[in-house]
Amino acid sequence: MSMCEACSDRMPAVASGQSEWSVAERDHLAGCRDCAAEWKLVSAAAALGRSVAVDPGVIGPRLLERVRAAEHQERRRRWLRRSAQVVGLAAAAALFLMMVPRRGNGPVRQVPVTAASEAADLQLAELDGAAPAELQAVLAEFDEPEVPASALDGPDVEGLDVSQVERALRSWEES
Ligand SMILES: [Zn+2]
């Protein structure tokens, strides 16, 4: 058995603390690159198996990094939820304005508040996790109704309103 093989065979015992290198083995490890590399691996693997071998100087920063990343994500999520609430209110307001007659000579029609607030609730659910640019896109959808204001005078005002909301939500889901 060569010295390399002898060292290799003894590595697990030495790594686990059951044995110690002899002077000859130590000398060989100091001079043999192959054995030195193997010993590095075996001793590192043995260290991983012992909890006391965990280096807090190495583990600590990584753990902190993860915690910080998680906090950042949570802050971002909170911000987006707040934005979604604002957009929900803006959407409700936009729908409200669309329902108000542009030319004020007719009697004021009843505003479908239920539809508007339902739309806002839907928006809240849909927009969680959205990017600001996408929020803008949804706002633009409500700012520029494709239906002319005169069409709102028809009897199916509520139906029209809901289809518009659905279209906005659909375009939202597809983006
Ligand atoms: Zn060797």
Along Cα→Cβ, 7 Å out, is where each label goes; now give me the distance between the ones at M1 and A13 in nm to one decimal.
0.8 nm
Report the full-extension gain for the segment R66 to E20: residue separation times 0.36 nm, less the Cα-Cα distance, to one decimal in nm.
12.7 nm
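None of the figures in this text is laboratory data; all of them are computed from the coordinates on show. Being a predicted model, the structure only gives us computed values, none of them experimental. Cβ sites come from the backbone with ideal geometry, for glycine too, and all protein chains shown count toward neighbours.
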